[in-house]
Amino acid sequence: MIAPDGVVALREERGLRLLVLWLPPLLTLLFLAIFGGGEPRRLPVGVVDLDHGAEARALVRHLAASPGLDPGHAYSSPGAAKAALQRGDILAMVVIPEAFGADLRAGLSPKVAAFHNSQFLLSGKFLSSSLTAAGQDFAVRAGVALRLGRGQPAPQVAATALPVRPHIKALYNPDMSYARFLVTAIAPAMWQILIVVATVLLLVWRLRRAPLPTAFGERCRTLWSLLWPVTALLWLQGLLMLVMFQGGLDWRPAGNVLWLVLGLGLMLLAVQAMALMILALSAEPLRALSLCAAYLAPAFAFMGVTFPRGDMATLARVWGDLMPSTHYLQLQVAVADHGAPWSVLWPPLLILLLFLLPLPLSARALPERLEVSS
């Protein structure tokens, strides 16, 4: 029995085996290991205590009680803390002013200045919310203690301590896990790049080995024999990626995971269709690989995960729309996070199907053969 061309290619090409068999799970494991902490903990915060009173020490204790803050970095002056912030030794600095305790006891609402490095967006956002929460908690407790010390009745103080009690409920990622937020988007973007590179290398292997048939029907059968074994293996790698999400991130899709199984298959076929089209247009392996890298490498930035797509510039939105991973991720979020109905799921599935429209023209436009360069 004659083995399909795709199986022969996997046997002969070590680099192709690496791309198809080993790199997808290894890279997913790497991302899980990098972001395994889930959320930032004990981020370094510098404290400049110019008051040295009991109230200032109580504020520092409140900051230390926050799981995201580590205020154990004391500095004698704002200048020293600023230099440490610029060096990256700390990610935020808190300056407690002189006479902080005296002003607090006098009811003068002293101001505590906090500065954080928001060049790192995730840590900056986390620091900002943690500092705000700790500061508000201290302010409420200090205000209650002050009014009780002045002889106000306890029921009256309790009723006015928090006149508005907001109830804020986090949806879809209640644990605020950055691992679940990042890895479930980075891994499909990485998988997409491996697919396009593996497909181009597979086509180049075949075009250098023997010429493609001229007749369109025979050419399609040849390409099918070449592509289906690698396509099946890559699809299984995509399913393994979802299993690794579940095992490594406690990822539990709210909707029917079969839609994601279908979406992974359509995304895979869409990326392969783009690889065929790029190779047909360039007719040169190195140029095709360069075009694939320029086309898909920025996928994570344009998916709309870290920055809302609705606020992107027109060029960024168009570029994102031209990447299959963008539409698969919309499907993944709708199924896994929102448990969305069919009316939300069919548009990204349809768009992934539309990527297959150029497939017949690309198959016909492929060169019959590529010469092996000396």
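Details
- Along principal axes, Cα extents of segment 68-135, largest first, whole Å: 38, 25, 18
- Using only alpha carbons, segment 203-361 has a radius of gyration to Kirkwood radius ratio (Rg to Rh) of 1.00.
- Set against the 2.2 N^0.38 Å expectation for a compact globular protein, the chain has a Cα radius of gyration ratio of 1.36.
- Linear extension gain, LYS111 paired with LEU29, 0.36 nm per residue minus alpha-carbon span: 24.9 nm
- You can think of it this way: the chain between HIS52 and ARG219 has 52.0 nm of extra reach, that is 0.36 nm per residue less the Cα-Cα gap.
- Distance between the 7 Å Cα→Cβ label points at ASP89 and ALA232: 6.1 nm.
- In Hz, Karplus ³J(HN,Hα) per residue of segment 121-134 (6.51, -1.76, 1.60; θ = phi - 60°; x = Gly, Pro): 4, 5, 5, x, 5, 5, 5, 4, 5, 5, 5, 5, 5, 5
- A full extension of the chain between ALA365 and PHE307 corresponds to an added length of 17.1 nm, given 0.36 nm per residue minus the alpha carbon distance.
- For the chain, the relative contact order comes to 20 percent (Cα pairs under 8 Å, sequence separation of at least 6).
- Measuring nothing but alpha carbons in segment 1-146 and taking Rh as the Kirkwood radius, the Rg to Rh ratio lands at 1.36.
- Amide H to amide H, with H built 1.01 Å from N, LEU43 comes under 5 Å of LEU69, ASP70, counting only residues 5 or more places away or on other chains.
- When the charge dipole of the chain is built from unit charges on Cβ atoms (+1 for Lys and Arg, -1 for Asp and Glu) and taken about the Cα centre, the candidate among SER290, PHE245, LEU19 whose Cα reaches farthest toward its positive end is PHE245.
- The chain: antiparallel DSSP beta bridges as a percent of all, rounded to 5: 30
- Dipole magnitude of the chain about its Cα centre (Cβ charges: Lys, Arg +1; Asp, Glu -1), debye to nearest 20: 180
- Contact order normalised by residue count of segment 261-374, Cα under 8 Å, 6+ apart, percent: 42
- Ligands, DNA and RNA aside, ARG317 has an accessible area near 80 Å² when probed at 1.4 Å.
- Accessible area expressed per residue, the chain, with surrounding protein chains retained (probe 1.4 Å, Å²): 52
- In this simple spin-label approximation, LEU239 and LEU354 carry label points 7 Å from Cα along the Cα→Cβ vector, and these lie 2.9 nm apart.
- Peptide packing for 114-124, 337-347, 39-49 was compared via the average number of neighbouring C-beta atoms within 10 Å per residue; ordered from the highest value, the list is 39-49, 114-124, 337-347.
- Rounded to whole Hz, the Karplus (6.51, -1.76, 1.60) HN-Hα couplings of segment 245-262, x for glycine and proline: 4, 5, x, x, 10, 6, 7, 10, x, 6, x, 6, 5, 5, 5, 6, 4, 5
- Radius of gyration and maximum dimension Dmax of segment 34-112, Cα, Å: 13.9, 49
- Residue (of LEU108, THR314, LEU281) at the positive-pole extreme of the chain, dipole from beta-carbon charges: LEU108
- Karplus 3J(HN,Hα) series, Hz, for segment 63-79 with 6.51 cos²θ - 1.76 cosθ + 1.60 (x for Gly, Pro): 5, 5, 6, 6, x, x, 10, 10, x, x, 10, 8, 10, 7, 8, x, x
- Size of charge dipole - segment 262-374 - debye, nearest 20, with Cβ of Lys, Arg +1 and Asp, Glu -1, no other charges: 80
- Peptide ranges 272-279, 218-225 listed from the most packed, as the mean C-beta count within 10 angstrom indicates: 272-279, 218-225
- The sum of -39500 (n - 2.57) across all DSSP H runs of n ≥ 4, divided by the residue count of the chain, sets its helix-only mean residue ellipticity at 222 nm to -20000 deg cm²/dmol.
- Listed peptides 73-79, 186-192 by packing density, highest first (mean Cβ within 10 Å): 186-192, 73-79
- All C-alpha to C-alpha distances of segment 1-75, sorted into 5 Å bins beginning at zero, yield P(r) values of 3, 12, 13, 10, 8, 6, 6, 6, 6, 5, 6, 5, 5, 3, 3, 1, 0, 0 percent in whole numbers.
- Seen from all directions on average, segment 97-138 presents a Cα convex hull projection of 3.2 nm².
The values are calculated or read from the model by the stated rules, or taken from the named source; none is laboratory data. Predicted model only: the values in this text are computed from it and were never measured. Because the Cβ atoms are built from the backbone with ideal geometry, glycine has one as well, and the counts that use them run over all protein chains shown. To get the accessible areas, we keep the full protein, side chains included, count just its heavy atoms, and leave off ligands, DNA and RNA. Shrake-Rupley method; radii C 1.70, N 1.55, O 1.52, S 1.80 Å.
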